[in-house]
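Below is one structure, written out as structure tokens; comments come after it.
The values are calculated or read from the model by the stated rules, or taken from the named source; none is laboratory data. Note that this is a predicted model, so its numbers are computed, not measured. Here the Cβ positions follow ideal geometry from the backbone for every residue, glycine too, while neighbour counts run over all protein chains shown.
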């Protein structure tokens, strides 16, 4: 992952991907994650989704490459976390929320702890194709079998703009996550879709669609 690129984005305030409120699809479909789960949020930034999930009774484990984003989440919520190094990562913890600052691909199962649900609004679409192919296999090493994942993607004409965020269409999801085996995985279910408000795409007059899926591991 290009750490310098993302550090520059956060330092320069170029974080149009930060919604500043819980995602509407998450609010609408959070019950599909189940009750009192331990939810992994890859590439979480300082998303309000973390606090929303905790408020719904979940224990939340975020992973964020840029440590400044982890600090900003707790600063903006006026929470003083405990901070400590855990291997290659720095853990910020307060109440039901932990953010692991460091490379997602370097998170081992022992560091993440037991995970039985995933919420991904900003991870898959932040990665170029070669890293998306690595992302799902690594995610599976961290998540218990048959765990639910709420995944939000963007669809737009990729040739008209460079990512991130990248366009990820449903056929690629089915390649990445695989077709469900009988009695094994929960499969891929489209829960909803609607126009996406991505400032960079809006300014370039590029229409985009946001889609929300339920995926089973």
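Residue 30: touching a helix residue (DSSP H, G or I) at 6+ places or on another chain (Cβ under 6 Å) and at pLDDT 65 or above, yes or no? Spelling it out, it is not the case that residue 30 is touching a helix residue (DSSP H, G or I) at 6+ places or on another chain (Cβ under 6 Å) and at pLDDT 65 or above. For segment 99-118, the candidate set comprises residues that are assigned to a strand (DSSP E or B) and either in contact (Cβ under 8 Å) with a residue 60 or more places away in the chain or more than 17 Å from the chain's Cα centre (by Cα) (or both); within that set, the residue that is surrounded by the fewest Cβ atoms within 10 Å (Cβ to Cβ) is 118. Applying the set (1) assigned to a helix (DSSP H, G or I); (2) at pLDDT below 95 to residue 47 leaves exactly one unmet item: (1). Please work out if residue 135 is surrounded by 15 or more Cβ atoms within 10 Å (Cβ to Cβ) and farther than 28 Å from residue 210 by Cα. Answer is no for this residue. If you go through segment 144-155, how many residues are assigned to a loop (DSSP other than H, G, I, E, B) and modelled with pLDDT of 95 or more? Number of matching residues: 0. Determine if segment 43-55 includes at least one residue that is more than 17 Å from the chain's Cα centre (by Cα) and either under 25 Å from residue 148 (Cα atoms) or surrounded by fewer than 23 Cβ atoms within 10 Å (Cβ to Cβ) (or both). Within segment 43-55, one or more residues are more than 17 Å from the chain's Cα centre (by Cα) and either under 25 Å from residue 148 (Cα atoms) or surrounded by fewer than 23 Cβ atoms within 10 Å (Cβ to Cβ) (or both).
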